[in-house]
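Participant: Have a look at this one before I ask anything.
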Amino acid sequence: VLAPTPNDAKSWVDTAAAQNLNLQASLYAVTAAEENLRQRKAGHAPTLDAVASYQRGDNDSLGFTNSVATGRPFSGDVSQRSIGLQLNIPIYSGGLTSSQVREAYQRLGQTEQLRESLRRQVVQNTRNLFRAVNTDVETVQARRQSIISNQSALEATEIGYQVGTRNIVDVLDAQRQLYSAVRNYNDARYDYILNNLRLKQAAGTLSPADLEALGSFLKPEYNPDKDFLPPDLASAAEARLQNNQDF
């Protein structure tokens, strides 16, 4: 259980602003809205097209009715080729283009507002998660100390029971308090693990290695009776289990 690295909120916020996946997606949305606006505005611009055509047929099919026009006998075949430039200047199209431009402006503004709102949310969420992870580290350490205290109290109570100064109710109560301390310790570890992953996700730095480390808790060699305790206290717990003592 370690504090975030680097242990500086601004560094995490800057990383999130640059690498958060949702923010990157919102940037693409803004870019798409800008491109759509450019396309709509281009509807007001004149266009210049190159045109070419080729036709072949007899005089009648091409609209010619005499040999003077074609320079050929009246019944001859005719081929016609043409190439040129065509300039189109949109003067008025019923207001459709202007309406589409206004709509594109509105969509761009809305997309930019959504991105800014998301950026503020990501920044705030990253700060909150950074503080939460540091708080979790302190909580885990405090609850680990609580296990040590309750374990010592249980041992003293068991000795008192053996010499007759404590009764079985005292022993059971001490056991209950120790189990409660262990449960609280693991609740704190659980919160730390989740908040640490959430912080990395918010910053856009979550990697497969982080998930593989989480998956280690699901492996067959994981021993919940021992691994739920701090490492330096696990051996004592294992000895209690081997000696068939209640723990």
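Participant: Give D58, D49, D77 a once-over and let me know the one that is farther than 30 Å from K200 by Cβ, surrounded by fewer than 11 Cβ atoms within 10 Å (Cβ to Cβ) and at pLDDT below 75.
Facilitator: Numbers: D58 fails: surrounded by fewer than 11 Cβ atoms within 10 Å (Cβ to Cβ); D77 fails: surrounded by fewer than 11 Cβ atoms within 10 Å (Cβ to Cβ).
None of the other options fit; the residue is D49.
Participant: Show the residue pairs that are 6+ apart or on different chains and have beta-carbon atoms under 9 Å apart, the first residue being within segment 162-191 and closer than 12 Å to R144 by Cα, the second being of a type in the set (D, E) and surrounded by 17 or more Cβ atoms within 10 Å (Cβ to Cβ).
Facilitator: Cβ pairs passing all conditions: A188/D136; R189/D136.
Participant: Within segment 180-215, work out how many residues are part of a helix (DSSP H, G or I), out of contact with any helix residue (DSSP H, G or I) (no Cβ under 6 Å at 6 or more places or on another chain) and among the polar types (S, T, N, Q).
Facilitator: Here the count works out to 3.
Participant: Right, next: Any chance segment 96-116 includes a residue that's closer than 28 Å to Y190 by Cβ, surrounded by 12 or more Cβ atoms within 10 Å (Cβ to Cβ) and out of contact with any Lys or Arg (no Cβ under 8 Å at 6 or more places or on another chain)? Steps first, answer last, please.
Facilitator: Our first condition is that a residue be closer than 28 Å to Y190 by Cβ; within segment 96-116, this holds for none.
No.
Participant: Now a separate question. Restrict the check to segment 113-135 and report whether at least one residue is part of a helix (DSSP H, G or I), more than 24 Å from the chain's Cα centre (by Cα) and touching a residue at least 12 places away in the same chain (Cβ under 8 Å).
Facilitator: Initial filter on segment 113-135 (part of a helix (DSSP H, G or I)): 113-135.
If we keep only those that are more than 24 Å from the chain's Cα centre (by Cα) as well, we get none.
There is no residue in segment 113-135 that is part of a helix (DSSP H, G or I), more than 24 Å from the chain's Cα centre (by Cα) and touching a residue at least 12 places away in the same chain (Cβ under 8 Å).
Participant: Going by what's in this entry, would T139 be described as closer than 22 Å to I193 by Cα, out of contact with any Lys or Arg (no Cβ under 7 Å at 6 or more places or on another chain), surrounded by 14 or more Cβ atoms within 10 Å (Cβ to Cβ) and free of Cβ contacts under 8 Å to residues at least 40 places away in the same chain?
Facilitator: Details: closer than 22 Å to I193 by Cα: yes; out of contact with any Lys or Arg (no Cβ under 7 Å at 6 or more places or on another chain): yes; surrounded by 14 or more Cβ atoms within 10 Å (Cβ to Cβ): yes; free of Cβ contacts under 8 Å to residues at least 40 places away in the same chain: no.
The answer is no for T139.
Participant: May I ask you to verify whether S216 is closer than 27 Å to T5 by Cα, hydroxyl-bearing (S, T, Y) and modelled with pLDDT under 90?
Facilitator: yes
Participant: How many residues are surrounded by fewer than 17 Cβ atoms within 10 Å (Cβ to Cβ), of a type in the set (A, V, I, L, M) and more than 18 Å from T139 (Cβ to Cβ) when one looks only at segment 158-203?
Facilitator: Residues flagged as surrounded by fewer than 17 Cβ atoms within 10 Å (Cβ to Cβ), of a type in the set (A, V, I, L, M) and more than 18 Å from T139 (Cβ to Cβ) within segment 158-203 amount to 5.
Participant: Taking Q106 as the residue in question, decide whether it is closer than 21 Å to L27 by Cβ, part of a helix (DSSP H, G or I) and within 32 Å of the chain's Cα centre (by Cα).
Facilitator: Here the answer is yes, as Q106 does meet what is asked.
The values are calculated or read from the model by the stated rules, or taken from the named source; none is laboratory data. Predicted model only: the values in this text are computed from it and were never measured. Please note: Cβ atoms are built from the backbone with ideal geometry, for glycine as well, and neighbour counts cover all protein chains shown.
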